[in-house]
1. Two decimals is fine: what's Rg over Rh for the stretch 61-163, C-alpha atoms, Kirkwood radius as Rh?
2. Just round it to a whole percent: the fraction of Cα-Cα distances in the stretch 38-77 exceeding 14 Å.
3. With every protein chain left in place, what is the accessible area per residue of the stretch 113-178 in square angstrom, probe 1.4 Å?
4. P(r) tail for the stretch 1-99, what percent of Cα pairs lie past 17 Å?
5. Report, in listed order, any pair from Lys9/Lys101; Lys60/Lys101; Lys9/Lys123; Lys27/Lys73; Lys123/Lys147 with a Cα-Cα distance greater than 23 Å.
6. To the nearest 20 debye, what is the magnitude of the charge dipole of the chain about its Cα centre, counting +1 on the Cβ of each Lys and Arg and -1 on the Cβ of each Asp and Glu?
7. Restricting things to alpha carbons, tell me how big the chain is in terms of Rg and Dmax, in Å.
8. Would you mind checking the radius of gyration and Dmax of the stretch 116-186 based on alpha-carbon positions, in Å?
Amino acid sequence: SASYDKTVKLWLLNNDGSHGQCTATLKGHGDTVRSVAFHPISHLLATGSDDGTAKLWVVKNDGSEATCTATLKGHSNYIYSVAFHPILPLLATGSYDSTAKLWLLNSDGTEVTCTATLTDHTKCVSTVAFHPRLPFFATGSHDSTAKLWLLNGDGTECTCTATLDGHASSIWSLAFHPTAPLLATG
């Protein structure tokens, strides 16, 4: 869980999900933490903050601690959203600076390189998501649009293929359906 108190908490859940115990409090951001995402197959956690950085953390199996392995700098304002690619070693960030960025990670999350900066939105990029199976990436913005991006083979470059406009106000969240060709925006 992420908080205005500048921390992230890890919670160990019991088997039926009726109770959670805080096992670790991650400190390292200088401002509100707005977004968290676990990597789908490795023990990495990404966090995005109002301090303009994203951080990568290696989390112990039992959740008792996490070590910051990288601080991603490149946005000029708040980071609202972070998302890992389901297969490729990529992290996406969306920011109040009206951009989204794609970051290529090495295997242990200690080296990170920005491979793309997407500048097609005119206002804050508040949400980012990768499709679980197809080479698509989506961004949602306070400019009332969502954009669909086609990723190249290694995911380091992308091309905007569609602008989805139908909302009367900011888009705060979006999600791909796991099997159908559907994208939901809110």
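1. We get a ratio of 0.98 for the stretch 61-163.
2. Numbers: 358 of 780 pairs.
Every Cα pair in the stretch 38-77 considered, those over 14 Å come to 46 percent.
3. Working: 3090 Å² over 66 residues.
With the other protein chains kept in place, the stretch 113-178 gives 47 Å² per residue.
4. Numbers: 2419 of 4851 pairs.
Roughly 50 percent, once rounded to a whole number.
5. On the way: Lys9/Lys101 25 Å; Lys60/Lys101 27 Å; Lys9/Lys123 30 Å; Lys27/Lys73 17 Å; Lys123/Lys147 13 Å.
Pairs exceeding the cut-off: Lys9/Lys101; Lys60/Lys101; Lys9/Lys123.
6. On the way: 11 positive and 15 negative charges, 21 e Å.
Taking the Cα centre of the chain as origin, the dipole is about 100 debye.
7. Taking only Cα atoms of the chain, I get Rg and Dmax of 16.0, 45 Å.
8. 11.5, 35
The values are calculated or read from the model by the stated rules, or taken from the named source; none is laboratory data. Quick caveat: nothing in here was measured; it's all calculated off a predicted structure. Counting neighbours? That spans all protein chains shown, and the Cβs are built from the backbone with ideal geometry, glycine included. Accessible surface areas use protein heavy atoms only, side chains included; no ligands, DNA or RNA. Shrake-Rupley method; radii C 1.70, N 1.55, O 1.52, S 1.80 Å.
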